[in-house]
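**Student:** Mind looking over this structure? Questions follow.
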Amino acid sequence: CTARSSHRSVRAMRMRSGGEELDNFNDLKARLETAVSSENYAEAARLRDEIQSKNSDAALGVLGANVEFYRSFREGDKKGMAAVWGDDNDGTTVACAHPAMPLITGRENVLNSWNGILGQSPDIRPDNAQLVVTGDTAWVMNEEVISNGVGQPSSRCMATNIFVNRQGQWKLVHHQGGPMIVPQEFVFQTDSTKDPLM
């Protein structure tokens, strides 16, 4: 993951719902509002900084797990790939949708699918990552830049990676990738009122 995409990802992160972390986050926001309304600006600044720190910690944890996924993919590291993926024993469904393939479910089946791919791993790197964190769940939407060799143009895929926080570690529970068929300038269009294909 490049510095540019990491910076962009942290800015794009939003907290939305669920879990003990969100209760703590909402408590901090309420305390911040109280501090501002009572004109206790020193406390408001401290709470603002604490909220920003929590957002950054979650973002860095998820992005670190995403980078480790692509490192394992690129280097053909089966142990590293197994360590990145979550466990479906806790009730979470682990799933993967490789390009032009049917959905694969269950940790063992997903890892078996990767074992077949990792022996022929391409030089693949994430780019233009966008991150959303919702309590103990997060997803990263990024392009996958695949080098086709010296002097050859790179190809690009679009991927979504979903992570869950289990005992302080972000684990991948879903990966879906597919080829990009629209021009680059339409990716991550922020004006949702305009259809990029019209």
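Derivation of every value follows stated rules applied to the coordinates shown; laboratory data play no part. Computed from a prediction, not measured in an experiment: that's the story for all the values here. Glycine also receives a Cβ, built like all others from the backbone with ideal geometry; neighbour counts cover every protein chain displayed.
**Student:** Between beta-carbons, use under 12 Å as the cut-off and find the net charge around T34, counting Lys and Arg +1, Asp and Glu -1.
**Tutor:** It works out to a net charge of -2.
**Student:** As a test of the definition: which semi-axes, in Å, follow for the range 78-133 when you take the square root of five times each eigenvalue of its alpha carbon gyration tensor? Largest first, please.
**Tutor:** Values: eigenvalues 72, 57, 32 Å².
Sorted largest first and rounded, they come to 19, 17, 13 Å.
**Student:** Taking amide H positions as placed in the peptide plane 1.01 Å from N, state which residues far from V94 in sequence (5 or more) or on other chains have amide H under 5 Å from it.
**Tutor:** Hits under the 5 Å cutoff: G106, R107.
**Student:** Say R0 is 25 Å: what FRET efficiency, to the nearest 0.05, do A82 and S147 get from their beta-carbon distance? All intermediate terms of the calculation are to be shown ahead of the outcome.
**Tutor:** Values: r = 25 Å, r/R0 = 0.99.
Computed FRET efficiency for A82 and S147 comes out at 0.50.
**Student:** As I understand it, the dipole of the range 54-108 uses +1 on the Cβ of Lys and Arg and -1 on the Cβ of Asp and Glu, about the Cα centre. Which of F69, A82, A95 lies farthest toward its positive end?
**Tutor:** F69
**Student:** Near the amide H of D77, under 5 Å away, which other amide H atoms are found, from residues 5 or more places off or on another chain, if H is placed in the peptide plane?
**Tutor:** none
**Student:** Can I ask one more? For the peptides 131-140, 74-83, 151-160, what is the packing order when you average, over each peptide's residues, the other Cβ atoms within 10 Å and list the highest mean first? All intermediate terms of the calculation are to be shown ahead of the outcome.
**Tutor:** Working: 131-140: 20.7, 74-83: 15.0, 151-160: 13.4.
Per-residue Cβ counts within 10 Å, averaged per peptide and sorted highest first, yield 131-140, 74-83, 151-160.
**Student:** Using θ = phi - 60° and the Karplus form 6.51 cos²θ - 1.76 cosθ + 1.60, what ³J(HN,Hα) does each residue of the range 144-161 get, whole Hz, x for Gly and Pro?
**Tutor:** Once rounded to whole Hz, the list reads 10, 9, 10, 6, 9, x, 4, x, 9, x, 6, 10, 10, 10, 10, 9, 10, 10.
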